[in-house]
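Visitor: First, the structure itself, so that you have it in front of you.
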Amino acid sequence: MSNTTTETEQPPAPEDGAAERLSTAPVESDGPTGIGAFGWARWMWRQLTSMRVALILLFLLSLAAIPGSLIPQYQNGQGQLKVEAWKARHATVAPVYEKLQLFDVYSSVWFSAIYILLFVSLAGCIVPRTWQFVGVLRSQPPAAPRNLTRMPVHAVWRTEADADRVNAAAHRLLRKRGFRAHLSGGAVAAEKGYLREVGNLLFHLSLFALLGGFAWASLASGTGGKLMVEGEGYSNTITQLDDFNGTRFYGNQDLDPFYLKLNGFTSKFQTKGDQIGAARQFTANVEYYAGGDESKLKKSTIEVNHPLEIGGSKVYLIGHGYAPVISVKNGKGDVVYRGAVPFLPQDGNLTSTGVVKVSDYGLGPDGNKTQLGFSGFFLPTAPLSFEGTGPVSLFPGDAAPELVLNAFSGDLGTDSGLPQNVYQLNTRKLTQLVQDGEPAKARLKLGEGWTLPDGYGSVTFEGYKQWASFNVSHRPGNAIALAGGVLAILGLIGSLFIQRRRIWVRAVALPGGGTQVELAGLARSESAKIAEELAELAVDLQDDAPASEEEDDAAASEEDAAPAASEGEGGATETDVPEETGVPTAPEASSDPAVPADQKSKE
Amino acid sequence: MQLASAVDPQLADLSNKLIYSAMVVYTLAMFAHMIEWTFGSRGAVAVRSKEQAGSLAETVATAEKKAKKVTVTVAGAGGGTTTLTRTAVAGEGATVVTSGRGADEEDGPGAAGTNEKADLAGRIAVSLTVLGAVLHAGGIVTRGLSVSRWPWGNMYEFSCAFAFAMTAAYLVLLATRKNVRWLGLPVVLAGLLTLGIATTVLYTDSEQLVPALHSPWLAIHVSTAIFCGGAFYAAFIATLLYLGKDSFDKRTAAGLTTGPLGTSASIWRRLPAASTFDKLSYRINALVFPLWTFTIIAGAIWAEAAWGKYWEWDPKETWSFITWVAYACYLHARATAGWKGRKAAYLALAAFACWLFNYYGVNIFVTGKHSYAGI
């Protein structure tokens, strides 16, 4: 349009402008304009907020996410153990990987850099676009281009109806169809589908909500673990939890106060077929009260997929196993230990290992103070023989429970005051008891006892209970993230399924009598719907502007002429400038080289 | 010690037999489609739109004076024009739409060309596909009934449902009188491939589920994932055909007489225009993308209920995210940066590769929290 700059009465939005502003793509610049640091900074900002760089960042983000799915990560379930195992197997590259933060991809410097840059780029793109869109909403739809028959989708016919009446009818019809329509200067300009841009902006803004939810969760959440044997309970304080990972805004003293007790645990397993042993049901029956009010004790169940919400925390069932009930008598026959000891599962069939620490044994057979320790296996379904396999359970259910124990005596190290792992025996100051020249070992069925050698007394496998481990999780920000997710989907639907399109109608009184009606539509090229819509509108409009008798011929000739016109002048450059400088409306039709010429010849 | 709830072995067995029968019928459909393509090459390839151009003029001529008639001209990308004529008879309210294509790009006449035998073979193929789909659906339903749960608890069941979703989508398009019979052969092939992998590599007996899968989200999250998979697969086929047709067009322009990779020119000539494939693949991907977003969010909600954290960068989550970003790249490139044609098509292929890896690769090679019931 550069060669039309001399015009003073040019319509506010010529056709190129009208076409361009329908696409909301940001304008891209090629190089730094301006001088010095400021020019460069502005150029870099433009680059960062350009669609091309945003696309590259998006692509980098997906690439950067890949290593985290192939290399064990600290933050995943049992991540610590898996990472250590992996490091042991790949000793040479492990330090390099550690340096590159490959065990911690999703909080690494480089991963963070990519998504932070991406969000900055997004903000730099979305904020101006929002203002621009507000501007669009506050102004009228862009005025009709001069030459409607040159628009990609158009229709033309002649009528005897009055031009002003046709324009008014078109205005009314477009409004009825939900267009924002504006009648001025002898033409109607209408636009519809603003929800596309609303959806687009909503989608991108909701990504910030998602990010905010993520960030808030990582700053103010905490998780604790607690293992309870059936019949046990605990108060949710730092001293009674097995472990706790707090964050900046949810520390040891912020724990939600409640009491929780495991009354019983139910587990069911597949008993036949090729998935034998697969878990089928885990249910923890619990009772609890929030705060300190014991009178509000309530019963409930916790299952996988069905956590229990107490106050601001959720309690998840994450593990289970068996706890054999073991009693130990000393040489004099006094019971020195009795309790259910949680054994930790080692495989899918719940072959479990554990230890018993009898720290209050008292005096040994030699008259000195001593302690006893046992380590061993609990097998819910023991095989007939351990030969070749060792002590391995055949099935996770308790079909034939057995306990295998080794006995030690000496100093457990529990009096040293140092914290100890309750699932491990520190054998540094212990000696294994010897029976018939072999290390003392026993295989006990339910109810069986074992008389220890050298007068150390006896051990009895009295029974067993189940235990369940729970994850006590406090995670705020879920609602924000969920709202972000839902809004993102709504925004996507708007931005992908709604079409923004413009329709212009212009009815012009012809010098030789009668009126020429021109319609044109403009939309993104992905859909052919605009042609249908224009046709529907045209059919409706013919109620008020019936086509003239000779219109058949005019339309037919128009059909032939239109391609010729668009091919002949393919480019956007207008050559018909001079004719137009006078009155903007009336000479329009005659200024078109193709259509009116034909019509004149018909007349 | 309690037993897990029972499995109905008769129904489970019936399900397997139905799936195998469906595979046999699909194979027959595949042969019928091959016959269609073979015979179709013998007939002269007529250009549909030329005929339509004639009928268009007739429609215009026969219109009553009372009728309201509008002709809309649409400029094509290649400089040609298309016209759409709409006629409404006054007082009756009925509208007749005729559209004709100008000299822009023409869709081929379809696999059968103008050969009647080939057309018959094509019709037989479609009937067989319908029969196969019915058996297939029966197989899925009986599998679900045999254990009284949703039939997508493991990779075998998921694959069966996924292959069905793809076939059903194709048949629905056919039923709505869309001109998609050319999709028949690739769809049946893809369905057979998926079912073949499912029955040989991924098969597990019909059983109850591990407690982690006892959730209403199984029905929501997994079924939308199945649907997305089927649709992405269809878009992938369209993208491949677009690339093929586009190279064929380029080769024709360069004076070569064969299609890419030594394929017969007659096959490509009978297929729809490259721009039709391009649009189809974009539309499917754009349609499915919000649903894929929903699938991921539904998964996150389920994860929150099952594991205590809605996002843990579990391998499956990670690859869903990667797939999502890849498709987002494609849509952005298409919608904003104005990438059309081959460059966008390569992006779409990369995105589908991510999806495939997310399904087969992550399930088989990577252990994560999405590992259930064997595979």
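Visitor: Among B:W311, B:W302, which is outside any helix (DSSP H, G or I) and closer than 25 Å to A:P476 by Cα?
Guide: Criteria check complete, one pass: B:W311.
Visitor: Now a separate question. Looking at (1) over 14 Å from B:M23 (Cβ atoms); (2) surrounded by fewer than 23 Cβ atoms within 10 Å (Cβ to Cβ); (3) not basic (K, R), which one does B:A125 not meet, given that it meets all the others?
Guide: All conditions are met except number (2).
Visitor: In segment A:76-99, which residues are crowded, with 16+ Cβ neighbours inside 10 Å and more than 15 Å from B:V366 (Cα to Cα)?
Guide: A:K87, A:A94, A:Y97
Visitor: If only one of B:A344, B:A353 is more than 19 Å from B:N154 (Cβ to Cβ), more than 10 Å from chain A (Cβ to nearest Cβ) and surrounded by 20 or more Cβ atoms within 10 Å (Cβ to Cβ), which one is it?
Guide: The conditions single out B:A344.
Visitor: Can you pull out every residue in segment A:206-224 that is closer than 25 Å to A:F470 by Cβ, assigned to a helix (DSSP H, G or I) and within 12 Å of chain B (Cβ to nearest Cβ)?
Guide: Passing the criteria: A:G213, A:F214, A:A217, A:S218.
Visitor: Which pairs do you get when a residue that is under 16 Å from B:L240 (Cβ atoms) and surrounded by 10 or more Cβ atoms within 10 Å (Cβ to Cβ), found in segment B:250-261, comes within reach of a residue that is aliphatic (A, V, I, L, M) and at pLDDT 75 or above, reach meaning Cβ atoms under 8 angstrom, with the pair 6+ apart or on two chains?
Guide: B:G259/B:A265; B:G259/B:I267
Visitor: A further question on this structure: Residues A:G135, A:G124: which one is part of a helix (DSSP H, G or I) and touching a Ser or Thr at 6+ places or on another chain (Cβ under 8 Å)?
Guide: From the options A:G135, A:G124, the qualifying one is A:G124.
Visitor: Going by the conditions given, is A:N245 exposed (fewer than 14 other Cβ atoms within 10 Å of the Cβ) and not aromatic (F, W, Y)?
Guide: yes
Visitor: Continuing with this model, one more query. Could you check segment B:170-195 and list, in sequence order, the residues that are within 17 Å of B:F158 (Cβ to Cβ) and surrounded by fewer than 16 Cβ atoms within 10 Å (Cβ to Cβ)?
Guide: B:L193
Visitor: Ok, one more. Please give the number of the condition A:P12 fails out of (1) closer than 27 Å to A:L137 by Cβ; (2) modelled with pLDDT under 65; (3) touching a helix residue (DSSP H, G or I) at 6+ places or on another chain (Cβ under 6 Å).
Guide: (3)
Visitor: Okay, moving on. Restricting segment A:290-305 to residues that are outside any loop (DSSP other than H, G, I, E, B) and out of contact with any Ser or Thr (no Cβ under 8 Å at 6 or more places or on another chain), which is nearest to the other protein chains (Cβ to nearest Cβ)?
Guide: Ranking the candidates gives A:S300 first.
Quick grid of which residues meet (1) in a strand (DSSP E or B); (2) closer than 18 Å to A:G277 by Cα; (3) among the hydroxyl-bearing types (S, T, Y); (4) within 42 Å of the chain's Cα centre (by Cα):
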| position | (1), (2), (3), (4) |
| --- | --- |
| A:V336 | yes, no, no, no |
| A:T353 | yes, no, yes, yes |
| A:S359 | yes, no, yes, no |
| A:P365 | no, no, no, no |
| A:F374 | yes, no, no, no |
| A:F395 | no, yes, no, yes |
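The values are calculated or read from the model by the stated rules, or taken from the named source; none is laboratory data. Since this is a predicted model, take the numbers as computed values, not measurements. A quick note on method: Cβ atoms are made from the backbone with ideal geometry, for glycine too, and the neighbour counts reach across all protein chains shown.
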